[in-house]
Amino acid sequence: MSMTLLEATGLRRHYQVRAGRGPFGAKAVLRAVDGVSLSLKPGRTLGLVGESGCGKSTTGKLVLGFIPPTAGTVRYRGTDMPPAGTPAWRALRPRMQMVYQDPLGALDRRLPVGVQIMEPLAIHGAKSPAEQRDRAAGVMAAVGLQMHQFDRYPHELSGGQRQRVVLARALMTEPDLLVCDEPISALDVSIQAQVVNLLLDLQDQMGIAYLFISHDLKVVRQVSHEVAVMYLGRIVEQGEAEDLFARPLHPYTRALVSAIPVLGPRRERLLLQGDPPNPVDVPSGCSFHTRCPFATAACRAETPALRTLPDGRQVACHRVEEPALQVAA
Amino acid sequence: MLLFTASRALRAALTILFVMTFAFVVLRLSGDPALLIMSVDAPPEAIKAFREAWGLERPIWEQYLSYIGHAFTGDFGKSMRDGRPAIDLVMERVPATLAITLPALALKVGLGIPAGVYAALHRNSFADRMTMAVSVAGFTMPSFVLALLLVLLFSVNLGWLPASGADSPTYAILPIITLGASGAAIMARFTRSAMLEVLGQPYIRAASAKGVEWRRVISHHALPNAAIPTVTIIGFMIGSLVAGAVVVESVFAWPGIGRLLVSAVANRDLAVVQAILMVIATWMVLANFTVDMAYGWLDPRVRGTAAAH
Amino acid sequence: MTAPLVEVTGLTVDFERDGRSSRAVDGVDLAIAPGEALGIVGESGSGKSVTWLAALGLLPARARVGGSVRIDKQQLIGAAPKVLEGVRGKRIAMIFQDPSSCLNPVHRIGWQLVEALKLHRGLDGAAAEAATLRLLDQVGIADARRRLGDFPHQLSGGLNQRVMIAMALAGEPDLLIADEPTTALDATIQAQILALLASIRRDTGMALVLISHDLGVVAENVNRVAVMYAGRLVEEAMGQDLFGAARHPYTQGLLAALPTLTGPRRRLAAIPGTVPEPGKAPPGCAFAPRCPLAEPRCQSEPPPVRHVGLMHRAACHLQIDVGVSAWNLPRAAE
Amino acid sequence: MAVRDALPAPLPTSGLSVIARRIARLPFAVSLATLWLALMVVVALGADLLLPYSITAFDLKARLSPPLFFGGTFAHPLGTDELGRDVLSRLIMSIRMSLLIALFGTLIAATLGTLLGILAAHFRRFVETLILMAIDFQASMPFMIIALSVLAFFGNSLPLFIGLMGFHSWERYARITRGLTLAANEQGYASAVRQLGAGPGRIYGRHVLPNIASTLIVSMTLTFPEIILLESGLSFLGLGVQPPLTSLGNMVGYGREYITRAPWIMLAPATVIVLTTLSISLLGDWVRDKLDPTLR
C-alpha cells in the first residue's frame, strides 16, 4: 500500500517580531518555516534534523494543524487539515498524536498517570470507564509500564517511565501518526536506547508512521526510513537514511555529519565558520552561502530549489553536481 | 537609547491620560458633576455658570476634550471649602509632605539595603533571622498602629517628642520614623531575596572559579546585578511617597497633601481630590520614568540594542 | 608515568538537606599528569561535575567535602580561601555548560577579561587591552576590538563560550576543567569549540579535564577516560582501551546502547532500569540493580577498583575477560 | 522488553498518621500562627454566641474602666470606652467585620484576576493587550489613592467598600494566571491536552486551574493581610467602615482620642490586627516554602 498518509505542501510560518524594543522597534519577519513540503506513508518514519532555530519543531506543529500556516497546506489522508480548535480538528486528534521532549512538562503533575493515559478516550468519549481502564492496561503493558504505576503521579516516576506514559497516552486511540519532537533528548544516555527500541517495536506492531524530529543525527539514523535536513526554515537535503549519512551531498549536511563526534577512527572534518544567521535576517540567495566553503556569486543571488537527483536524493544546492565539489569533499 | 527613552516617555504620558480618563469616567458615573463639585446648596446661577464653564451641556466627547484641556492647564475648579483654586491648595502642601517623606526615603534605603545585603550574605545566621523577623513585623504592622505606639512611648510616657502638629522640626521626627521603619523592613526583605537570587546565578560561581576573591565577587559581580530589581522597589517607594503619607500625616496632624486628601475625601471636595489625584499620578509617572531610565543604565539587556540572536 | 599535576584521593561529597545527607561523590581517586587530557563520562547525578567543583571549593556551604585533592603537593580540600583563590584561574581554570549565563550580564566582555588579566598577570590599562585582544584572537574571535564593548547577551552561545575560554586562558593555567562545554551548543558550533580546545592544548601544553555525557565528544578529544556512575569511578583506561575493550558492564552497556552514524543499523542494547537518585545508591555496587551479571555479593559489597590491564582500572567484582560483553552473554538475554 | 524498576516503598496510606506527622513537623511559630488564626475564625463565626454585651450597650457607671489585671473587673475583661461600651464585645464584632471584608475582598480579587488572566492567555491579541494595559494602570497607581478617590466620588456604603477592596491586587492574580497559563499553553501539559482534542472547559477546568491553584492560594495569603491593613487604614481615617458598624481600624481610630487616658481601647484592636496579619504572613511563607523548595 503506497497511499500517502500525510502530505504537506509549501508550508510557511512567519512571525512578526520587533527587532528593537518598545512600540517604536522596527518590525521584522521571522521566517521560522519557509516553504517546507514533505509526505509520509503509513508505517514509515521521516526523520527531521537540524540545529536549534531551523524550524523543525515548528514544522511538527504545522503538520498536526496545531498552529495555522502562513501559507501552504497540510492534507491528512487526502483531506485538508481543519483549523485548530474547531470540532473537525478535534475529531481528527485520535488519528495523530504528539510525543514531547519534556515528558514531565507534558504531563499534568496533579493527576495520576493512569487518569491521564485514559484521558484521550474520556475526551472523545467512546468507551465506558471499565473499557477505558482495560484499554489503558493493554497500552501500558505495550509500552513497558506496570499496572501498579497506574495510580502514581508523574513526579514519582523516572524520566524514561514518564516518556512511556506520554507514549501510552498517545497510543490510546490507535493513531496512524506520531509526531515525536526530540522525544529522547531529555533522557539519560542509558535510558535513550530503551525508548528508541520501544518506538521501533511499536511501529512494527501497530504500523504507526512517525515524524521524528531531533538534533541527534545518530538517533535519527537509527529510527528513520528517510531523513530531511533543515537549515533556516527550509529542507536542504532529503534522502534514504543510511545513504544520506553515508554520502551527504549538500555542504551543510556534510558539515553537520562531519561535526558529530564518533567513537571510531577520526574522520576528516568540514568545519564551518561562524554562527548560523539570525532567522529574522536570512541571507539572500542560498541561505547557507554565508557559511558555505563552496559558495559562488550565483549562490548569493539565487535561491536553489530542492531538486531530485537521478538516484532519488533531493538536494537544494546549485553546485551539487559539479565535479569540483565532489573532489573537495 | 533614544528610542528606549522615547518609548518610556510615551508610556508615561499615556498613564497620565489614563488617570485623567479614570477621574472623568468616575466623576460622570457618580452623578451630576456640577452638583457634586459645587455642593447641593450652591446658588442655581453658580451651578449654571459652572455647567457652562465645564461645558456640561455639550456632547460627552467634547466634555472629555475640554476636561483634558482644563486638566493640562492645572484647572480642576475651585475648592468648595474656601473657594480657592484646588491646584493652589494642593501645591502649597507639597513642601510639608516632602519634608517628612524624603528623609523617610533616605531611612528606608539607608537602613533597608545594607540590612538586606548583610542578611543574604549571612544566610540562616542569627543576624539573618533577626533581620527577617523585624522585617516581617515591619511589614505586618499598620503604620497607624506603629505611629500610635511611638506616640504612646515617646510623647505620652517619656514626653521627649511632640505628638502632633508642625511647629518645629522636632515635630517631624516621629512621622519620619514611622514612615521609614516599615519601608526599611520591606526594603530589607526585598534586597535580601534579590541578593540571594543573584548569588545563585552561574556567573557568580564562574567569577569565583576565575579566581576573583569573594569580597570582590560580592562588590563587583553580585551587587550590580542585585541592584537592578532593587531599583524597581525604590522607584515604587518614591512613587508612593505621598500615598504612604496619607495615614501618617493624619495621625500626626502634619499639614501635607495626605492630610488634605483625607479631609477632601471626607468632605467630598471633589475639585481638590481631582487635583491631588493628578499631582500624585504625575509624581508616580515621573518616578516610574526615572526608574526606567535607571534600569536602562544598570541593565544592558533592556537598553534596546539590536541583539544578536 | 610522570609525577601527577593533580591528584584526587578518596574524595567524598555529601549534601545536607533538612538534616539528611546524601552522598554525591563516593571515594573518587584520579590523577592527571601535566599536559594530559582526561575525559570524564557519566550520566546526570554521576558526580562528574561535583568532583571538580569540590576540588576548587566552589560548592555551596551545605556540601561536606572529604578526602584529598592536591596540585603539586598543595592540598586544596579544607585550604584557606586565600590559597584557593590563588589556585582558581591561575593553576586550575574551569569553564561551564551554559556560557551565556556564566558571564556577568551587566559587565562588558572587555571588562570581564581585563578583570581576569589584572588578577593573574597584574596587567592594567593599555597592556591589559593589548593582552585582551591577543586572547580574543587566540580563541578565534574575529573583530576582537569591537567585541570588547559588547555585553554577553549580544553574543551567541558559541561566542560566549569562546570568551569563557579566553578568560580561562588569562591565568595561563596548568589545567583547564571543561564541564560539558558544548552541551548547550549546536553540533556545528560544538565542533568549532572542540577544535579550538584541541589547538589551544597543542599550543600551550595545558592539561585538560573534559567532562561530558557524550561518549563521542570524549572519544575524539582526550587520551584517557574515566567513567563515573552514581558518585563512584567505575572504569578508567586509555581511550582506545576503554572504547575498544571496556571491562565494566556499565561501560559496556553505554557503548552498546549508542547508535552509530556509519555501518549497518543494529538493534540497540538497552540498559534496563533507571539511574539511582543521589544518595539512594544501593549499599553494594551501585550498578548491581541494572547489571545483567549481578551476583549476591554485588548487592551487598562495594566492588574494589582493580587493575585489569595496563593503565586500565575497573570497579567490578566479576573480572570480565577482554572481548567479552556483559550484554551478549546468554544470561543477559531477557 | 522487560524493565526492572526499583520500586519505591509505598507511601503510608493512613491519612490520620500523615496529618499527625505533619503537625509534629510544623515549626513552633507556624503552629502558634495557626492556633491564633483558628481562634480568629472561631470568633468571627461565633460572634453572636460569644458576645457578652451588645456593642451599643452603654454602661455609664463603668466608663473608661481598665482591662482585667490593670485594675479592671471580670465584667469587662478588656475594659470599656468613653461611653462605657464593652471593648471585648466591640472587638469581637470588629474581628468579624474585618475578616469578612478581607475574605470577600480577597475572593473577589482572586476570582476577577484569575478570570481576566485566563481570558488574556486564551484569546491573546486585542483582549490580552487591553487586560495588560489595565494591569499596568492598576500597578502604576498606589491603590490607597485609587480607593480614596473612589470613596470621594461615590460616597461610602458597605457593599461598595467591600467591592472596592476586591479591586485591590486583582492584577497580581491576573498576571500570575496569565503567565502560568501561557507557559502551560506554549509547551506544557495544557498544550498536550489540547493536542489530545480537549476543549477549553476541560483544559482550564480540569488541568490549568488545579495546577495553578496552589500558587493562587499562596498569593491569597499575601492579599488577605494587605486588605486587612488597607481596610483598617481607611477605617482608621474614618473613610472605611462607618458607625454604627465597627471594624478593627475603626476601633483604633476611635481609641486614638483616648490614647493618654485609656490606651487599651486602641491597643486591643491594634494587637489583633498585628497578630492576625503576622500569622497569615508566617503561614503563607511556610506554605510557599513547602510548595516551592527552590525558593529556599
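With respect to B:ILE87, determine if the residue is modelled with pLDDT of 75 or more and under 21 Å from D:ILE146 (Cβ atoms). When the stated conditions are applied, B:ILE87 passes them. Within region B:120-140, if we keep just the residues that are more than 14 Å from chain D (Cβ to nearest Cβ) and either assigned to a helix (DSSP H, G or I) or of a type in the set (D, E, K, R) (or both), the residue that is farthest from D:PRO225 (Cα to Cα) turns out to be B:LEU121. Of the residues making up region B:286-301, none is assigned to a helix (DSSP H, G or I), in contact with a Pro (Cβ under 6 Å, 6 or more places away or on another chain) and touching a residue at least 24 places away in the same chain (Cβ under 8 Å).
The residue that is nearest to C:VAL305 (Cα to Cα), among those in region C:174-230 that are hydroxyl-bearing (Ser, Thr, Tyr) and touching a Lys or Arg at 6+ places or on another chain (Cβ under 9 Å), is C:SER212.
Take the residues in region C:17-52 that are under 17 Å from C:HIS213 (Cβ atoms) and open to solvent by 10 Å² or more (accessible area, probe 1.4 Å), then tell me which one is farthest from the chain's Cα centre (by Cα). It comes out as C:ALA24. Against the conditions (1) facing another protein chain (nearest Cβ under 7 Å); (2) open to solvent by 10 Å² or more (accessible area, probe 1.4 Å); (3) in a helix (DSSP H, G or I); (4) of a type outside the set (Lys, Arg), D:LEU239 satisfies every one except (3).
Annotation note: Cβ proximity below 6 Å between a residue of region C:35-50 that is within 12 Å of another protein chain (Cβ to nearest Cβ) and a residue that is part of a strand (DSSP E or B) and open to solvent by 10 Å² or more (accessible area, probe 1.4 Å) (sequence gap 6+ or interchain) occurs for C:SER49/C:ASP179. Just one residue in the set C:ALA269, C:ALA326 is of a type in the set (Gly, Ala, Ser), within 14 Å of chain A (Cβ to nearest Cβ), under 21 Å from A:GLY264 (Cβ atoms) and in a loop (DSSP other than H, G, I, E, B); that residue is C:ALA269.
Pairing residues of region B:158-187 that are open to solvent by 60 Å² or more (accessible area, probe 1.4 Å) with residues that are acidic (Asp, Glu), at Cβ distances under 9 Å and at least 6 apart in sequence or on separate chains, gives no pairs at all.
Residues in region A:254-283 that are more than 8 Å from chain C (Cβ to nearest Cβ) and either over 21 Å from C:ALA184 (Cβ atoms) or in contact (Cβ under 8 Å) with a residue 60 or more places away in the chain (or both): A:ARG254, A:PRO265, A:ARG267, A:GLU268, A:LEU270, A:PRO279, A:VAL280, A:ASP281, A:VAL282, A:PRO283. D:MET141 meets the stated requirement of being under 23 Å from B:MET278 (Cβ atoms), crowded, with 20+ Cβ neighbours inside 10 Å and either more than 21 Å from the chain's Cα centre (by Cα) or of a type in the set (Gly, Ala, Ser) (or both). Just to be sure before I move on: is A:MET172 more than 11 Å from every other protein chain (Cβ to nearest Cβ) and either surrounded by fewer than 21 Cβ atoms within 10 Å (Cβ to Cβ) or in contact (Cβ under 8 Å) with a residue 40 or more places away in the chain (or both) in the structure I sent? No. Applying the set (1) exposed (fewer than 15 other Cβ atoms within 10 Å of the Cβ); (2) of a type in the set (Gly, Ala, Ser); (3) within 12 Å of another protein chain (Cβ to nearest Cβ) to A:SER128 leaves exactly one unmet item: (3).
B:PRO142 meets the conditions (1) at pLDDT 85 or above; (2) open to solvent by 30 Å² or more (accessible area, probe 1.4 Å) in every case but one. The failed one is (2). Suppose we filter region C:229-241 for residues that are facing another protein chain (nearest Cβ under 10 Å) and modelled with pLDDT of 90 or more; how many remain? The total comes to 1. Scanning region A:28-60 for residues that are within 21 Å of A:ILE260 (Cα to Cα), within 14 Å of chain C (Cβ to nearest Cβ) and touching a helix residue (DSSP H, G or I) at 6+ places or on another chain (Cβ under 6 Å) returns A:GLY47, A:VAL49, A:GLY50.
Within region D:39-60, residues that are without any contact (Cβ under 8 Å) to a residue 60 or more places away in the chain and aliphatic (A, V, I, L, M) have Cβ atoms under 6 Å from residues that are part of a helix (DSSP H, G or I) and open to solvent by 60 Å² or more (accessible area, probe 1.4 Å) in these pairs: D:ALA44/D:ARG96; D:ALA47/D:ARG96, counting only partners at least 6 apart in sequence or on another chain.
Considering region A:288-329, the residues that are among the acidic types (Asp, Glu) and over 18 Å from A:TYR231 (Cβ atoms) include one that is modelled with the highest pLDDT, namely A:ASP311. Against the conditions (1) open to solvent by less than 10 Å² (accessible area, probe 1.4 Å); (2) modelled with pLDDT of 85 or more; (3) facing chain D (nearest Cβ under 7 Å), B:SER250 satisfies every one except (1).
Selection over region D:176-190 of residues that are surrounded by 20 or more Cβ atoms within 10 Å (Cβ to Cβ) and in a helix (DSSP H, G or I) gives a count of 7.
Taken residue by residue, region B:220-230 has no member that is open to solvent by 10 Å² or more (accessible area, probe 1.4 Å), closer than 30 Å to D:GLY233 by Cβ and within 14 Å of chain D (Cβ to nearest Cβ). Among the residues making up region B:253-262, those that are at the interface with another protein chain (Cβ under 10 Å from one of its Cβ atoms) and either open to solvent by 10 Å² or more (accessible area, probe 1.4 Å) or touching a Pro at 6+ places or on another chain (Cβ under 8 Å) (or both) are B:ARG259, B:VAL262. If you go through region C:57-96 and pick out every residue that is in contact (Cβ under 8 Å) with a residue 60 or more places away in the chain and either open to solvent by less than 40 Å² (accessible area, probe 1.4 Å) or more than 11 Å from chain B (Cβ to nearest Cβ) (or both), you end up with 12.
Filtering region C:97-111 to residues that are farther than 27 Å from C:ALA54 by Cβ and more than 7 Å from every other protein chain (Cβ to nearest Cβ) leaves C:HIS107, C:ARG108, C:ILE109, C:GLY110, C:TRP111.
The residue list C:ALA219, C:ALA281, C:ALA226 contains one member that is within 11 Å of chain A (Cβ to nearest Cβ) and either outside any loop (DSSP other than H, G, I, E, B) or of a type in the set (A, V, I, L, M) (or both), which is C:ALA219.
Quick check: anything in region A:184-200 assigned to a loop (DSSP other than H, G, I, E, B), touching a helix residue (DSSP H, G or I) at 6+ places or on another chain (Cβ under 8 Å) and over 21 Å from C:TYR229 (Cβ atoms)? No - not one qualifying residue is present in region A:184-200. Filter region D:205-232 for residues that are over 16 Å from the mean Cα position of the chain (by Cα) and crowded, with 21+ Cβ neighbours inside 10 Å and give the result. Selection gives D:HIS207, D:VAL208, D:ILE212.
The values are calculated or read from the model by the stated rules, or taken from the named source; none is laboratory data. As the structure is a prediction and not an experimental result, all values here were calculated from the model. Quick reminder, even Gly has a Cβ in these numbers, built from the backbone with ideal geometry, and neighbours come from all protein chains shown. Ligands, DNA and RNA are stripped out before the accessible areas are found, and what is left, the full protein with its side chains, is counted by its heavy atoms. Shrake-Rupley method; radii C 1.70, N 1.55, O 1.52, S 1.80 Å.
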